[in-house]
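One structure is given below, encoded as structure tokens.
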Amino acid sequence: METSETVISRELTSGERLLWTGRPTQGLLLRRSDMLFVPFSLMWGGFAIFWEYMALTGDAPFFFKLWGIPFVLVGLYMIGGRFVLDAKQREKTFYAVTNQRILIVSGLRSRRIKSLNLRTLSDVSLDQTSNGSGTITFGPPNPFSSFGPASTWPGVPQTPSFDSITEPRSVYETIRRAQTTAA
């Protein structure tokens, strides 16, 4: 397994100094938004599975049997698939703060690199939980970000962030100091 320093060092330019590297929390992660989204996903998935079962075992027209399949698939994704996808994405994600920029290296099937120049970065926000972990967001938040990972569907662009990191206050202060020296 690759370390943060190994992955990030490949992306550094000449004269760029590494100030911090990290990764999001690994494994299954429950978020605040799951208090609402888990019951909703169970109701959606339960109804979709019930519908499909009744259509398949009953005398329903063929169209009704097909109609329920996408709803069952969405329900299964919402119930459990989103947790697996989220864990896999975080497993392939690496963060860094250098003296010049913010780096986010991620991607399941291909490597995606997001680079944010410290000199032009204006909106940096910190959200810290009571257990000490937190998220630093770069730029205006997604209007649906209050829904947490419920708003994170494959292919939907997200506001760049250091998601679910340990000691976010310290990283936030490192970013703010780096911004003053990069200006």
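In the condition set (1) more than 19 Å from THR129 (Cβ to Cβ); (2) charged (D, E, K, R); (3) within 20 Å of the chain's Cα centre (by Cα), ARG32 is compliant with all but (1).
Of all residue pairs spaced 6 or more apart or on separate chains, those with beta-carbon atoms under 7 Å, a first member in the range 52-74 that is among the acidic types (Asp, Glu) and a second member that is not in a loop (DSSP other than H, G, I, E, B) are GLU52/GLY68; GLU52/ILE69; GLU52/VAL72.
Report those helices (runs of 4 or more DSSP H) wholly inside the range 1-97 carrying at least 3 residues which are out of contact with any Leu (no Cβ under 8 Å at 6 or more places or on another chain) and under 25 Å from GLY107 (Cβ atoms). Outline the logic, then answer.
On the way: elements: 4-9, 34-57, 62-76, 82-91.
Output list reads 4-9, 62-76, 82-91.
Residues of the range 103-118 that are assigned to a loop (DSSP other than H, G, I, E, B) and either modelled with pLDDT under 90 or farther than 17 Å from VAL171 by Cα (or both): GLY107, LEU108, ARG109, SER110, ARG111.
The values are calculated or read from the model by the stated rules, or taken from the named source; none is laboratory data. Small disclaimer: the values here were computed from a predicted structure and weren't measured. Cβ coordinates were reconstructed from backbone atoms using ideal geometry, including for glycine residues, and neighbour counts include every protein chain displayed.
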